[in-house]
Amino acid sequence: MSTPLVSIVDVRKTFGTFQALKGVSLEIQPGEVLCIIGASGSGKTTLLRCVNQLVQTDSGAIWIDGELNGYRVDGTRLHHLPEREIARQRLATGMVFQRFNLFAHMTALGNIVEGPLRVQGRDRAEVVAESRRLLARVGLADKENSYPANLSGGQQQRVAICRAVAMRPKLMLFDEPTSALDPELVGEVLAAMKDLAASGMTMMVVTHELAFAREVADRVVFMDGGAIVEAGTAEEVLGSPREEHTKAFLAAVLS
C-alpha cells in the first residue's frame, strides 16, 4: 500500500447544537475513487467541505499529500495558517458542486481558463490549448464560445468539471454533481466523471447514483449521523452490506 494522498483523522464538526461530523477517520490512496453515500444530513457534504477548507474543523486533522490542512506545526504547537496559505493549499483540490456556479458573463472556454491564468499565472497559449482539449474530452468542443445561459444543465456541469480539472488538482471532490440535473442529462455528466476516474485522478464523490458507485468506485463509504457506518468495496457495501443501517438505507433508495 502506498502512502495515502488523503488522511483524515478523527475529524469533528458542530454547527450550533448539531454535530455534523463525529470523529471521522479515512484514508484515500493516490488514484483511488471513493464514493460516499448516505441520507441527507449524514455529514457527507460537510466532510468534503472540510477537506477543501471551506469549513473549518473543530478538531481532528486532515493531510493532503503530506501537508496538514490549515495549520503550521511548530514543535508541539499548531498555528492557524493565514488565509493566503489556506488558499494555496486549497489549490490541491478541485471541487464540483451541485450547482454549476459558472461565470455568466464568460464563455465556456473563458470559465475554464480564468483560474489557471489569474491564479496560477500560467502561459495563455498553453492554458487555452489544454482547456480546449478538456472540452473535447467531455464532448463540448463545439461549445467553447457558448455562454452558460445557452448551455443545458448537463453541459454546464461538464464545463464546471473542466474548470476544476484545468487547475491540475491532486484530488477532485464531487458533491452530488448530478442532483440538480434533469434525469436525461445525468448520463453525460457521469460519463465525464468515469473518464476522469479512468485517467487515474483521485476522487471523493458524494453521490446518490448507486449504479455509478458500483461501476467506478474502488471503495464505498456509507455515512449516517455524522459517522462512517460501513466501508468497503462497492460489492461489499452495495451488494452485501453488514450493518443494519446500511441495509435500511439501500432498501429505501432502491425501493
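Worth a mention:
- Segments classed as strands (runs of 3 or more DSSP E), wholly inside region 1-85, with at least 3 members that are surrounded by 19 or more Cβ atoms within 10 Å (Cβ to Cβ), at pLDDT 95 or above and in contact with a Phe, Trp or Tyr (Cβ under 9 Å, 6 or more places away or on another chain): 33-37
- Restricting attention to region 119-136 and to residues that are part of a helix (DSSP H, G or I) and free of Cβ contacts under 8 Å to residues at least 12 places away in the same chain, the residue that is surrounded by the fewest Cβ atoms within 10 Å (Cβ to Cβ) turns out to be Ala125.
- Residues of region 98-110 that turn out to be closer than 20 Å to Leu171 by Cα and buried (at least 20 other Cβ atoms within 10 Å of the Cβ), as a count: 1
- Out of Pro169, Pro177, Pro116, sole residue that is open to solvent by less than 30 Å² (accessible area, probe 1.4 Å), within 30 Å of Glu67 (Cβ to Cβ) and at pLDDT below 95: Pro177
- Any hit, region 235-252, residues being of a type in the set (A, V, I, L, M, F, W, C), under 14 Å from Glu32 (Cα atoms) and modelled with pLDDT of 95 or more: no
The values are calculated or read from the model by the stated rules, or taken from the named source; none is laboratory data. Since the model is a prediction, treat every value here as computed from it, not as a measurement. Positions of Cβ are generated from backbone atoms using ideal geometry, with glycine treated the same way; all protein chains shown enter the neighbour counts. Heads up: the accessible areas ignore ligands, DNA and RNA and are worked out on the full protein's heavy atoms, side chains in. Shrake-Rupley method; radii C 1.70, N 1.55, O 1.52, S 1.80 Å.
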